[in-house]
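Participant: Please see the structure below; I have some questions.
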Amino acid sequence: MSQRYEFVVLAEQAGIPMKELCRRFGISRKTGYKWLERFRAGGREALGDRSRRPKRSPAQIAAALATQVIAVRLANPVWGGRKLRRRLQDLGHAPVPAASTCTEILRRADLLVPPVTRGAVQRFERGWPNELWQMDHKGDFAG
């Protein structure tokens, strides 16, 4: 932020061309004008980084629909996203989210059980060859 402020102070002074100033700071002229405009609109505080989160998400699932997905899951705690989606369709809900979206709703609500992690694989290694023999029996077959 101090570099941006220094740039803006120098840009406000007369006599230094914007092209030269941007080259000196290693930024594009578009970025230089953007910083200058932000400074004029909001002062030094406006020069900080802004959030990259979108201001609106038109395809976002409605809160009521997410609540319905969670309610069906609470009634059936072992169901996953695909079965929940199918159940919502059977109940007659018109905008039914995709199965992956249902799973993501469950993940956000902390309703998914984390996968079981298993320990290390036991190896059948021995100190010398032929110390351990193993045989697989496939069953009796008519010859």
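The values are calculated or read from the model by the stated rules, or taken from the named source; none is laboratory data. These figures come from a predicted structure and were not determined experimentally. Note that we place each Cβ from the backbone using ideal geometry, even for glycine, and neighbour counts take in every protein chain shown.
Participant: Going by the conditions given, is ALA59 exposed (fewer than 12 other Cβ atoms within 10 Å of the Cβ), modelled with pLDDT under 90 and within 30 Å of VAL113 (Cβ to Cβ)?
Facilitator: Spelling it out, ALA59 is indeed exposed (fewer than 12 other Cβ atoms within 10 Å of the Cβ), modelled with pLDDT under 90 and within 30 Å of VAL113 (Cβ to Cβ).
Participant: Here's something else I'd like to know. For the range 71-90, give me each residue that is of a type in the set (A, V, I, L, M) and either assigned to a loop (DSSP other than H, G, I, E, B) or buried (at least 17 other Cβ atoms within 10 Å of the Cβ) (or both).
Facilitator: Correct list: VAL72, VAL78, LEU84, LEU88.
Participant: May I ask you to list the residues in the range 82-128 that are under 22 Å from ALA59 (Cβ atoms) and touching a Leu at 6+ places or on another chain (Cβ under 7 Å)?
Facilitator: PRO95, VAL96, PRO97, CYS102, LEU106
Participant: Hey, another quick one. With ILE27, ILE70, ILE61 as the choices, which residue is within 18 Å of SER2 (Cα to Cα) and of a type in the set (Val, Ile, Thr)?
Facilitator: ILE27
Participant: Limited to the range 99-143, what total is found for residues that are of a type in the set (A, V, I, L, M) and either in the same structural domain as THR67 (by TED's automatic domain parsing) or within 18 Å of ARG73 (Cα to Cα) (or both)?
Facilitator: Residues in the range 99-143 being of a type in the set (A, V, I, L, M) and either in the same structural domain as THR67 (by TED's automatic domain parsing) or within 18 Å of ARG73 (Cα to Cα) (or both): 7 in total.
Participant: Right, ARG126: at negative phi, of a type in the set (Lys, Arg) and assigned to a loop (DSSP other than H, G, I, E, B) or not?
Facilitator: Here the answer is yes, as ARG126 does meet what is asked.
Participant: If I ask for residues that are in contact (Cβ under 8 Å) with a residue 24 or more places away in the chain and surrounded by 12 or more Cβ atoms within 10 Å (Cβ to Cβ), which ones from the range 13-48 would you list?
Facilitator: GLY32, TRP35, LEU36, PHE39, ARG44, LEU47
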